[in-house]
1. Quick check on my filter: what residues within region 60-73 are under 19 Å from residue 40 (Cα atoms) and either modelled with pLDDT under 80 or basic (Lys, Arg) (or both)?
2. Being modelled with pLDDT of 60 or more, of a type outside the set (Phe, Trp, Tyr), closer than 30 Å to residue 337 by Cβ and not in a helix (DSSP H, G or I) narrows it down to one of 494, 455, 407, so name that one.
3. Considering every residue within region 288-302, establish whether at least one is farther than 30 Å from residue 383 by Cβ, touching a His at 6+ places or on another chain (Cβ under 8 Å) and free of Cβ contacts under 8 Å to residues at least 40 places away in the same chain.
4. Kindly list, by first and then second residue, each pair from a residue in region 475-496 that is closer than 21 Å to residue 134 by Cβ and surrounded by 14 or more Cβ atoms within 10 Å (Cβ to Cβ) to a residue that is polar (S, T, N, Q) and modelled with pLDDT under 85, limited to pairs with Cβ atoms under 6 Å and residues at least 6 apart or on different chains.
5. Would a scan of region 27-34 turn up a residue that is out of contact with any helix residue (DSSP H, G or I) (no Cβ under 7 Å at 6 or more places or on another chain), under 15 Å from residue 145 (Cα atoms) and at pLDDT 90 or above?
6. Quick one: which residue in 164, 176 is of a type in the set (Asp, Glu), part of a loop (DSSP other than H, G, I, E, B) and within 23 Å of residue 379 (Cα to Cα)?
7. Please identify the pairs in which a residue from region 328-348 that is free of Cβ contacts under 8 Å to residues at least 60 places away in the same chain has its Cβ atom under 8 Å from the Cβ atom of a residue that is assigned to a helix (DSSP H, G or I) and among the aliphatic types (A, V, I, L, M), counting only partners at least 6 apart or on another chain.
8. Which residues, counting only those in region 36-61, are on the phi < 0 side of the Ramachandran plot and loosely packed, with under 14 Cβ neighbours inside 10 Å?
Amino acid sequence: MAFPFLETTAPAAAQTTDARRQVPMLALLIVQCEKEPWRVGQYALFPLGKKRWMGRGGEPIEDYSSFDEHRPGEPPPVPLGLSACLHGASLSRCQAGAKASAVDIAIENVGRCVMLVNGEEATKATVRPGDTITFVGEVVLLCVLRLPVFPALMHARVAHPFGEPDANGIVGEGPEAWRVRDEATRLGRGTDFVLILGETGTGKTAVAELIHKESSRAHGPFVPRNSVVFTTTILESQLFGKIANFPNPGPAVDGVLPAADGGTLFLDEIGRLSLLAQGHLLCTLENGSYQRLGESKAHKLDVRFLGASNLERSALQSDFHFRFKAEIRIAPLRERREDIPLLAREMLRRRLAKDPTLARFFMKDHEGRLHPRMSGRLVDFLVRSELPGNTRELDSLLAAAIAHSQEDRIAMFPGAGASPSVRPLSSAPVSSAPPSDPPPTTKDAQVEERMFTTEVVLSAIASANGNLTLAAKILDTERTKLYRIMKKLGIKREEE
């Protein structure tokens, strides 16, 4: 797995010796926390060969994993006392032991809370980057790679609260998110035309806006246009404009190039720009001049061009793409899974702003910020999904989850657990559970069969202090369905 900060485009001399000599370490990162959702994004490093405990903590405290925020230029998380441990009523003081090798972390669950690894119940397992660990009803952790010391940024500034969108709307606290901020800031302070490459839904427009805001043209216009709108029939007037009554009676037309004069023109999906349109733009890209339809004189233009594409450079006409001397690539969400829950939180907040009836799904932290109540199963599904549509697909999945959530939390929705978009397991958990009965007839039932074992159900009931309504919420199911599951497992129902 590549580690972005080891591949920075900054000059080698500008990189600190310590940063270049560092070896990435395995870490566990919080992607869902039932009682403290503001802790999403915090992580704990696991030193090679040293056993660490996860849980509510106790003595000696130095043996416990310390989960904390970590940003560029800051020292690595260190043991900070009980406040940095995992919290939850059903978690034991020593819930699980973890020991890292060079390639994986061996986990052994010894506490009272049931552990799932990649959605499967386990008492012992080894996890690698991309795998998840769930302590049912309490917290979901994602295995990631991290440098012990997060390198300081060369150009970008750190100003926004941890986990929140920055001033340009970019969300993410992982190495890839900070690399993009840093590189876009550097490119913004230059003068080259920039080509932004990335799959659909990776945030290319936000990066283009950051480049513009960091440039000397920040006070000029930022004109974004989707290249598909430039139709062949009126191409020249769309780009350059035309004078009134040419070639037929009608008003003058302002083209996008004059509108961007003194600022930045951002052409999204530039790979879909026709060869004819690319040819028309070549002269402007080369010498900054254009001519309106119906005029004989040429006008000088002061515009910086930014282009974005989900295709490679080779999809563009060679004379055209050579004008874009700088390039920045944005990784898909499957390569920055740690930022998925932060993106989901921001998407849900935006939905709340449009639909106040969604307020039942949110809670406030001690600073008044809103955090969505999302079930552990849903978050586990999202961070392990391939998400080929990236943020657009993530938003669609959240919409489906909301539509199927009846109470005060956004829960897993039917069919999602068997979705082909979920990545294969990178390591098979070693489970102590006995073999299950023959599989049920539907995929949803098969998922339920694996999830709702006796230990999982009893742990949820214990976490809810015997309240079956609350236990059903923890298990992301309905109360009536929980009764059927208990009956099937031979768990006696007690009066609440």
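The values are calculated or read from the model by the stated rules, or taken from the named source; none is laboratory data. None of the values given here were measured: they were computed from a predicted structure. Cβ coordinates were reconstructed from backbone atoms using ideal geometry, including for glycine residues, and neighbour counts include every protein chain displayed.
1. Hit for region 60-73 is 71, nothing else.
2. 407
3. Yes, because at least one residue in region 288-302 is farther than 30 Å from residue 383 by Cβ, touching a His at 6+ places or on another chain (Cβ under 8 Å) and free of Cβ contacts under 8 Å to residues at least 40 places away in the same chain.
4. 489/454
5. yes
6. Answer to the selection: 164.
7. Final answer for the pair search is 344/379; 344/382; 344/394; 344/398; 347/394; 347/398.
8. 47, 48, 50, 51, 59, 60
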